[in-house]
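Inspection log for the structure reproduced underneath, given as structure tokens.
Derivation of every value follows stated rules applied to the coordinates shown; laboratory data play no part. Everything numeric here is computed off the predicted structure, so don't read it as measured data. Virtual Cβ from ideal backbone geometry, glycine too; neighbours counted across all protein chains shown.
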Amino acid sequence: MRAGNGLANLVFSAGAVLLAAWPAGAQLPEAASSTAQVIEPFRPDTTPFFYTLALTPERTHPAADTLPDAAFRMYDPARQQAIDWGTLGNTGAPARPLLFQTPARLGFDAGTHAFDLYQLQPAGLQFFRHTRSFTDLYFSQGKVQNDNLLRARFSRTFSGGLNFSLDYCLFNHLGQYRYQAVKHTSLALGVWYPASPRYEFFFIYAKNTDKQQENGGIATDTVFGGGQFSGPIDAAVRLPDQQALTRQANWSLHWTQHLKFAGTRDSLPGKRVLRATHSAQWARHTSKFSDPGSTPGSGLRLDSLFFDTFLVDRRGIRHYWALDRLDNSLVLKTFKSSTPGRPSDELALGLRHSLFIWKQEPLADSVFSNLFLSGALALTPSDRFAFQAQGYLGVLANFGEYQVQGDLKIGLGKAGELRASLISQRYPAAMLSRRLFVSQRLIWQNDVEKPVETALSATYALPLIGLEATAKTQLVNNYLYYDQAGMATQTTAPLQVLQILLREQLKVGWLRIDNTVALQRANRADVLRLPEWFTKNSLYFSGRIFRKKMLLETGVDFRLNGEFNPDAYQPVTAQFHLQDSLTAKPYPWLDVFLACKVQSFRFFIRYENVSALWDDQTVFYQTARYPQPFGALRIGIGWRFLDDNREQPSRSSPSPAETGGRPLGNF
């Protein structure tokens with residue numbers, strides 16, 4: 001044992017020569033109380049087990065269930081959000097939230113996030129410690145062959161405690177309009193090895209590749225022809241040369257190691273642990289848009305009106321950038337667990353450093369660094385109280401930059417619970433909003449101020465009647481946006497957005513009614529144009545049939561939002577921007593579905609946009625000139641397998657390793 005510990009110390013010391021760069025804090029899991037079950041994103045399942053993450057192995061989280069619920073039948077990540085994100089009309093297309101958000105930002109950022117919704121990141125890879133191999137498969141098919149979605153997850157724990165996990169995702173969508181196909185491939189795989197009671201490490205590889213054909217949207221929203229080939233395929237598109245392509249890719253190698261100086265048995269209740277954590281990540285990101293755009297032999301450009309300012313060279317358009325990044329962080333943390341898998345208190349201090357090598361054609365490489373001090377505090381003394389706070393403070397070149405986040409939950413027993421959250425941050429403007437080259441010509445060079453954002457929200461939940469109400473205010477100074485010409489612009493007048501979100505889940509026998517209503521109002525309609533109200537509803541029957549062997553849910557999903565001027569999309573910069581020519585009217589989007597479950601096998605069939613059956617002329621937009629698809633049938637299946645890694649003396653009850661040390665009644 002001493003030899004093993006000496007080796008652990010040597011490996012840890014060698015890795016810690018690199019300093020600083022991964023968040024010190026971690027999200028607090030929801031308290032596992034029976035009163036919180038109604039509003040949690042999961043319900044009791046037949047195979048409950050838990051996972052952990054590389055940065056916080058002391059915490060366990062309940063794995064996703066195998067119920068035929070909305071999370072299963074809503075295959076599109078843009079529709080799995082509380083309020084649907086706006087897309088270009090097909091699964092996997094660039095997306096943005098229609099309900100304004102304040103995402104956490106810290107330090108340098110390239111500024112391209114149109115495909116973030118579909119990507120896998122190393123910090124999110126789930127590791128499962130149990131005695132059975134875990135395989136989870138999900139497949140969804142649209143009306144044509146090139147319209148499918150595949151997700152696969154696998155985990156196995158080998159003798160000696162080494163755990164291997166793999167997550168794979170493929171989006172392949174042809175689209176209903178010409179030259180609209182997207183294809184995204186994401187892979188994350190890693191190992192978790194507890195070498196000794198004092199030392200453990202995680203090694204993760206992740207890769208995302210996003211490809212999209214750009215058609216610029218349709219040229220008109222009138223009737224799509226009247227001949228044999230009438231319909232969406234007959235609509236004229238704004239990039240008719242069909243040569244505009246976007247490709248974004250990133251890969252990363254992530255290494256995290258934990259060394260305990262005290263409390264090597266952190267699973268023992270009341271035992272305090274002192275631990276040092278070193279994380280390192282090497283990543284490369286590339287983004288390329290290109291469009292030769294000429295009809296062969298003619299020299300004519302059919303897309304000059306669409307590109308406008310960005311058409312600086314009639315021979316073609318090209319925008320390319322690449323980023324190499326090396327992150328390091330060193331964190332010292334102490335915590336104590338009253339319940340295995342859920343620390344009752346945490347305190348962490350750390351240092352985070354990032355080294356960047358930025359390449360934007362035609363400039364030479366730029367090399368620079370970010371350095372932040374970090375701290376985190378978390379208190380979870382009981383199921384009825386949870387508090388978490390974490391912060392970062394920039395030093396040296398990042399002086400004046402910061403980020404503070406806090407979350408609070410107070411349980412009120414049968415009276416429900418109160419939750420509050422705060423985020424305040426100051427960060428540098430994204431690189432692409434500061435400087436842009438297209439075809440090696442400078443388009444803009446902006447001297448912009450650092451944005452300052454603050455978001456405060458309060459939530460009251462009453463699980464007894466399935467009610468949850470949230471009020472939120474967001475204030476942004478030095479707000480950055482893209483104007484009607486697609487040019488990066490900054491406003492010095494503050495932007496404030498007020499929001500109210502109401503959720504209600506009713507249950508009457510077999511009848512289920514899920515309602516979500518959102519209201520939002522911004523004080524600057526000249527720089528932010530989003531719907532002022534949303535409604536998202538489901539009416540369905542849920543119950544067991546065939547001698548209670550099959551769980552069946554069948555009904556309708558409905559969504560509707562207020563009139564607004566949707567943003568346009570510019571593929572050269574991969575940014576959404578303001579436009580004044582098109583207004584999106586309220587459109588009743590209705591889906592009919594049937595979903596079922598037998599043991600761990602699930603199946604759904606749904607007909608989307610039923611309204612198109614009686615109205616095939618109205619075009620519904622979330623992004624200007626990019627219509628949402630007309631009615632279509634879709635199916636999907638999911639299947640989870642749990643196989644023994646080795647022969648067990650008895651399977652009458654799951655082992656503590658499979659349940660994260662918690663009794664199943666808490667799940």
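Tabulated results
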read-out: Separation between Cα centres of region 412-458 and region 62-101, rounded to whole Å; value: 22
read-out: Gain on full stretching of the segment that runs from Phe261 to Leu150 - 0.36 nm per residue minus C-alpha separation; value: 35.6 nm
read-out: Local electrostatic count at Leu170 - Lys and Arg +1, Asp and Glu -1, tallied over other residues with Cβ under 15 Å; value: 0
read-out: Where labels lie 7 Å past Cα in the beta-carbon direction, separation of Ala64 and Leu170 in nm; value: 1.8
read-out: Rg followed by Dmax, in Å, when region 322-453 is reduced to its Cα trace; value: 20.3, 64
read-out: Nearest-0.05 FRET efficiency for Tyr460 and Thr492, computed from C-beta distance (R0 35 Å); value: 0.45
read-out: Cross-link partners of Lys549 among lysines (Cα-Cα below 19 Å; sequence separation of 8 or more within a chain); value: Lys597
read-out: Intensity falloff of region 448-520 expressed as log10 I(q)/I(0), Debye formula with alpha-carbon point scatterers, at q = 0.16, 0.28 Å⁻¹; value: -0.71, -1.17
read-out: Virtual spin-label span in nm between Leu377 and Ile500, 7 Å along Cα→Cβ; value: 3.4
read-out: For Arg132, distant residues with modelled amide H under 5 Å away; value: Asn645
read-out: Check: the chain dipole with +1 on Lys, Arg Cβ and -1 on Asp, Glu Cβ, in debye; value: 1820
read-out: At q = 0.16, 0.23, 0.28, 0.30 Å⁻¹, base-10 log of I(q)/I(0) for region 405-462 (Debye sum, equal scatterers on each alpha carbon); value: -0.65, -0.89, -1.04, -1.10
read-out: Förster radius 25 Å - calculated FRET efficiency between Leu442 and Asn523, Cβ distance, rounded to 0.05; value: 0.15
read-out: Region 307-457 - percent relative contact order, Cα under 8 Å, separation 6 or more; value: 17
read-out: Isotropic mean projected area of the C-alpha convex hull, region 542-590 (nm²); value: 6.1
read-out: Structure-based [θ]222 nm, the chain - -39500 (n - 2.57) summed over DSSP H runs of at least 4, per residue, nearest 500; value: -1000 deg cm²/dmol
read-out: Orientation-averaged projected area, Cα convex hull of the chain (nm²); value: 30.9
read-out: Computed log₁₀ I(q)/I(0) - Debye formula, equal Cα scatterers, no solvent, region 381-427, q 0.28 Å⁻¹; value: -0.95
read-out: ³J(HN,Hα), Karplus 6.51/-1.76/1.60, whole Hz, each residue of region 531-539, x for Gly, Pro; value: x, 8, 8, 9, 9, 9, 9, 9, 10
read-out: Amide H within-cut-off set for Lys271, under 5 Å, with H built and near neighbours excluded; value: Ser337
read-out: Radius, Kirkwood style, for region 235-391 when every pair of distinct Cα atoms is counted (Å); value: 20.3
read-out: Semi-axes of the equivalent ellipsoid for region 71-114, Cα gyration tensor, largest first, Å; value: 22, 13, 10
read-out: Contact order normalised by residue count of the chain, Cα under 8 Å, 6+ apart, percent; value: 15
read-out: Volume per residue that the Cα convex hull of region 150-214 spans, once the total is divided by residue count, Å³; value: 65
read-out: Alpha-carbon spread of region 487-605, three principal axes, descending order, Å; value: 64, 32, 24
read-out: Region 229-256 versus region 316-388: alpha-carbon centroid distance in Å; value: 32
read-out: Among 574-583, 84-93, 359-368, the order from most to least packed when residues are scored by Cβ within 10 Å on average; value: 84-93, 574-583, 359-368
read-out: Projected label distance in nm at Tyr205 and Val556, using a 7 Å step from Cα toward the beta-carbon; value: 5.0
